[in-house]
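Asks: I have a structure I would like to understand better, so I am pasting it below and will then ask my questions one at a time.
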Amino acid sequence: MGAAWDGRRRDLLESVPDGRLLDIGCGDGRLLNAARRCDRLAIGIDPSRAMAKRAHGRGVTVIRASAEAVPLLDASVQVVTATYPGPWIYSEQVLQEIQRVLTTGGQLHVLLGGAYRRGPFARFRGWLARLAYGSGHANPPELPQMLHLHGELVVRNDRWGTAYLWVATRTD
């Protein structure tokens with residue numbers, strides 16, 4: 001999905017507030033690389049040795065870890081991002097860890113996916129997205145509300161079609 005996925009990652013980065021950023025499930029580090037080019041302090045976690053190695057090759061900081069056990073201090077980041085995550089993002093344990101590492105007022109920005117209706121190869125991108133994520137990626141389940149993590153689904157039109165994001169704030 002190439003240019004559209006990377007473009008949506010860059011758009012996400014432009015919409016998040018300043019501050020220390022944690023990208024969970026960072027994969028090969030593309031969002032972290034974009035953050036570094038914007039002089040943002042960012043770190044990623046990913047459980048995959050291969051993805052961490054690719055990310056390190058981009059010159060970004062990645063820790064091999066799971067989103068269920070984030071190796072950061074309580075209230076240590078202002079922003080948590082996740083782009084195109086699997087169903088693990090809805091896990092109560094993952095959400096508790098996100099809530100734990102966020103500062104009060106900190107934000108979670110999850111790019112859930114979207115519809116591809118514009119641009120070159122839009123139909124092919126849509127087919128690949130359905131193949132990779134199933135047909136439900138554009139219609140997420142009811143988004144969980146944690147004790148101190150409250151969010152909403154944001155639908156954003158972009159140059160490829162429609163992006164679906166979950167944006168939440170730690171409110172305690």
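The values are calculated or read from the model by the stated rules, or taken from the named source; none is laboratory data. Since we're looking at a predicted model, the values are computed, not measured. We work out accessible area using only protein heavy atoms, side chains counted, and drop any ligands, DNA or RNA first. Shrake-Rupley method; radii C 1.70, N 1.55, O 1.52, S 1.80 Å.
Asks: Rg/Rh for the range 15-107: what does it come to with C-alpha atoms and Rh from Kirkwood?
Replies: 0.93
Asks: So, one more: Could you pull out every residue, at least 5 positions away or on a different chain, whose amide H is within less than 5 Å of the one on Gly161? Hs are placed 1.01 Å off N in the peptide plane, and Pro or chain starts have none.
Replies: Arg117, Arg118
Asks: Now for a different question. Each residue of the range 67-81 in order: what ³J(HN,Hα) in whole Hz does its phi give by Karplus 6.51 cos²θ - 1.76 cosθ + 1.60, θ = phi - 60°, with x for Gly and Pro?
Replies: Listing the rounded values in order: 5, 7, 8, 6, x, 10, 5, 4, 6, 9, 10, 8, 9, 10, 10 Hz.
Asks: Shifting gears a bit: Per residue, how large is the accessible surface of the range 67-120? Use a 1.4 angstrom probe and give square angstrom.
Replies: Working: 2100 Å² over 54 residues.
Heavy-atom SASA per residue in the range 67-120 reads 39 Å².
Asks: How large, in percent, is the carbon and sulfur part of the accessible surface of the range 1-76 at a probe radius of 1.4 Å?
Replies: Carbon and sulfur together cover 51 percent of it.
Asks: Please turn the phi angles of the range 87-94 into ³J(HN,Hα) values with the Karplus equation 6.51 cos²θ - 1.76 cosθ + 1.60 (θ = phi - 60°), one per residue in order, whole Hz, x for glycine and proline.
Replies: Couplings: x, 4, 5, 8, 5, 4, 5, 5 Hz.
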